[in-house]
Amino acid sequence: FGAVPWGTVLMPAIHHARVGFPLPQASYNYLVHALQPVFGWDSEGVRSLQHGDGRMLGPGDQVHIPHLADTLEHLARVGPGDFYRGDIARAIVTAMEDGGGLVSAVDLDQYRVEMRRPLGVGVNGWRVATNPPPAVGGLAMAAIIAAMGGHPRQGWTSPEVARLVDTQHAVFGYRRDRLDLSDDLDTEAAVLLAASSADEVRRWLSAPSTVHTSAVDDDGRACSITMSAGYGSGMMPPGTGIWMNNCLGELELNRKGLHAQAPGTRLLSNMAPTVAAGADGSVLALGSPGADRITSATSMVLLNFARLGMSLSEAIAHPRLHVEETDDRARVAVEPGLPVDRVSLPVRRFADLSMFFGGASAALWNPATGFEAAADPRRTGGTAIGGR
């Protein structure tokens, strides 16, 4: 609630920006493919990802982002408004003008945070709240949870896996055909949630660089934040240490075409940061990175935890599946350990747990048992429990 000074909030980030931090394996795996086409065109940003002789950093090598610690210290002193209307804003706008970008000083100055009422869904006595439209990730996740009804009952048996596949297939198909191209997202969202709650969603089957943080406290408050740079633009305004995102150019978020939306339009988002309150006073914060797999990852973790009674660690580490929608064709991507013998769609099998299926993290406070936190073994993550 804004009670902690900016200097205190930013202190850990300033420290790691100043001394450097190890390149995670998952980031290295991405940069093997993306370093030159995404980051290579901007000399300011690409240097942070290379050794002095031009070789790409490897897993565990220290990343030093020039100027970022100075930028964060500046924000700690003057507050976040400088990002939109001060020296940092001017550096961003100048870099945009020099590079042929679209973001102007007016855009930054007029940006405002929008308060929205969350979407709600219930799971075994838990009241769950998640990201509402114009984000579609939270909407799809809530629809999957609602459409699963009282399932799974005893575990991920073959029939329950087949039910989940059908549910994901229907919800993601609705997203592709209706939500991504909609001019009235609120109405389309209401139709999806109503059909899901009535267990009618599966009838539609006949129709044609993200991070997450979860936190709870022993006052019963929960905070869930998902942030994304898309796949990254590679652009770093000189002297800032800030890499810009590419969400205006991310194809799955711009199904109507690039630059088709009017200025001021709120973009679609896959992100589904989620919190929940239990009947016993427990609070849960949950979320994941992973593009469109955010929806399937978050919903499966929630079903594992709330419906099947797994611990947070078990719920997150459990095998996952995701119905992929590509070129109007659907198939099931699945990790080993889930029975898919009764699934009607083609199956793409993974040999082990994979970062493809997201990187969920969750934090739980239970008045009787205290804190529990879990991070996904599929990606680099961590947990911590602190004292007052």
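Computed from the alpha carbon positions, the gyration tensor of region 314-366 leads to an equivalent ellipsoid with semi-axes of 24, 13, 10 Å, biggest first.
One Cα centroid belongs to region 237-257, the other to region 110-143; the line between them spans 23 Å.
With contacts taken as Cα pairs under 8 Å at a separation of at least 6 residues, region 218-346 carries a relative contact order of 16 percent. Calculated FRET efficiency, Asp70 to Asp98, Cβ-Cβ distance, R0 = 22 Å: about 0.60 to the nearest 0.05.
Taken as Cα centroids, region 280-333 and region 146-171 sit 12 Å apart, rounded to the nearest whole angstrom.
Once the 1.4 Å probe is applied to the protein heavy atoms, the chain comes out at 49 Å² accessible per residue.
When the P(r) of region 234-388 is calculated, the portion above 19 Å amounts to 64% of the C-alpha pairs. In whole percent, and with a 1.4 Å probe on the protein chains, what portion of the accessible area of the chain is carbon and sulfur? Answer for the chain: carbon and sulfur cover 54 percent of the accessible area.
Inter-label distance, Arg18 to Asp109: 3.5 nm, where each label sits 7 Å from its Cα along the C-beta direction.
An ellipsoid equivalent to region 42-111, defined through the eigenvalues of its Cα gyration tensor, has semi-axes of 28, 17, 8 Å when rounded to whole angstrom and sorted largest first. Ranked by the mean number of other Cβ atoms within 10 Å of their residues, highest first, the peptides 242-253, 95-106, 299-310, 222-233 come out as 299-310, 222-233, 242-253, 95-106.
Between Leu267 and Val191, the FRET efficiency estimated from the beta carbon spacing at R0 = 35 angstrom works out to 0.95.
For the pair His259 and Ser158, label points projected 7 Å from Cα toward Cβ lie 5.4 nm apart. Kirkwood radius, region 164-316, all distinct C-alpha pairs, inverse of mean reciprocal distance: 17.8 Å. What the Cα convex hull of region 1-75 gives, in volume per residue, is 115 Å³. Pairs of Cα atoms in the chain fall into 20 Å distance bins, from 0 up to the last occupied one, in shares of 26, 58, 16, 0 percent.
The values are calculated or read from the model by the stated rules, or taken from the named source; none is laboratory data. Only a predicted model underlies this, so the values are computations on that prediction, with no experimental measurement involved. Here Cβ is always computed from backbone atoms with ideal geometry, including for glycine, and neighbour counts include all displayed protein chains. Surface accessibility is based on the protein's heavy atoms, side chains included, excluding ligands, DNA and RNA. Shrake-Rupley method; radii C 1.70, N 1.55, O 1.52, S 1.80 Å.
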